[in-house]
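Participant: Let me give you the structure first, and then I'll get to my questions.
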Amino acid sequence: MNKLSEPVLNANETLRLHRLDALRACALLLGVVPHPNMAYLSEADYFWIEADSKRARIASSIFFLIYLFRMPLFFMLAGFSAYVKFQNKGSKAFVKDRLQRTLLTRLAELKIMFVVAFTLTLLIALGTYHLFVRFTWIGRILNGKRYFKKERAL
């Protein structure tokens, strides 16, 4: 074999297939073409906030042709890289790596989302309390009679 085509690996390195990296980069760059054209799709009314009145069938054709090719390609590349990683590391190390990469990041994401959702809910609740609760019978129970005008006796 030619020495240029043989991979040179140290003890701690794994084989990296640069052709697959280039393929993934090309597939990512293909995403630049359809995204600006989404407003001109004939189906843009269903998923685009402000669709353009001038529609182009060629934009729809290019968009769906690229997506029919891109998304399965990403799934195949992800499956292939997971298979190679599984073969190189073994099942326990693979599961541990997947849990670290996915589960821990999702837990951190959920924590951030919970804090944001709790803060927004609290702000909405405090903001709407004055309008919907304070001057009702629930407000009388919670606050007493201090916010209500005394009724005049005739």
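Participant: Taking segment 119-143 as the search range and keeping residues that are part of a loop (DSSP other than H, G, I, E, B) and among the hydrophobic types (A, V, I, L, M, F, W, C), which one is modelled with the lowest pLDDT?
Facilitator: Ranking the qualifying residues of segment 119-143, first place goes to 135.
Participant: Let me ask another. Step by step: first the residues of segment 19-51, then only those that are small (Gly, Ala, Ser) and farther than 19 Å from residue 80 by Cβ, then the one that is surrounded by the most Cβ atoms within 10 Å (Cβ to Cβ). Which residue is that?
Facilitator: Step one: list which residues in segment 19-51 are small (Gly, Ala, Ser), which gives 22, 25, 27, 31, 39, 42, 44, 51.
Applying the additional criterion that residues be farther than 19 Å from residue 80 by Cβ yields 31, 39, 42, 44, 51.
Working: 31: 12, 39: 15, 42: 13, 44: 19, 51: 17.
By that ranking, first place goes to 44.
Participant: Which residue is modelled with the lowest pLDDT, if the candidates are limited to segment 52-72 and must be small (Gly, Ala, Ser) and in a helix (DSSP H, G or I)?
Facilitator: Filtering segment 52-72 for residues that are small (Gly, Ala, Ser) and in a helix (DSSP H, G or I), the one modelled with the lowest pLDDT comes out as 59.
Participant: Based on what the data block shows, is residue 40 more than 30 Å from residue 17 (Cβ to Cβ), in contact with a helix residue (DSSP H, G or I) (Cβ under 6 Å, 6 or more places away or on another chain) and among the aromatic types (Phe, Trp, Tyr)? Reasoning before the result, please.
Facilitator: Numbers: more than 30 Å from residue 17 (Cβ to Cβ): yes; in contact with a helix residue (DSSP H, G or I) (Cβ under 6 Å, 6 or more places away or on another chain): yes; among the aromatic types (Phe, Trp, Tyr): yes.
It is true that residue 40 is more than 30 Å from residue 17 (Cβ to Cβ), in contact with a helix residue (DSSP H, G or I) (Cβ under 6 Å, 6 or more places away or on another chain) and among the aromatic types (Phe, Trp, Tyr).
The values are calculated or read from the model by the stated rules, or taken from the named source; none is laboratory data. All values reported here derive from a predicted model rather than from experimental measurement. Because the Cβ atoms are built from the backbone with ideal geometry, glycine has one as well, and the counts that use them run over all protein chains shown.
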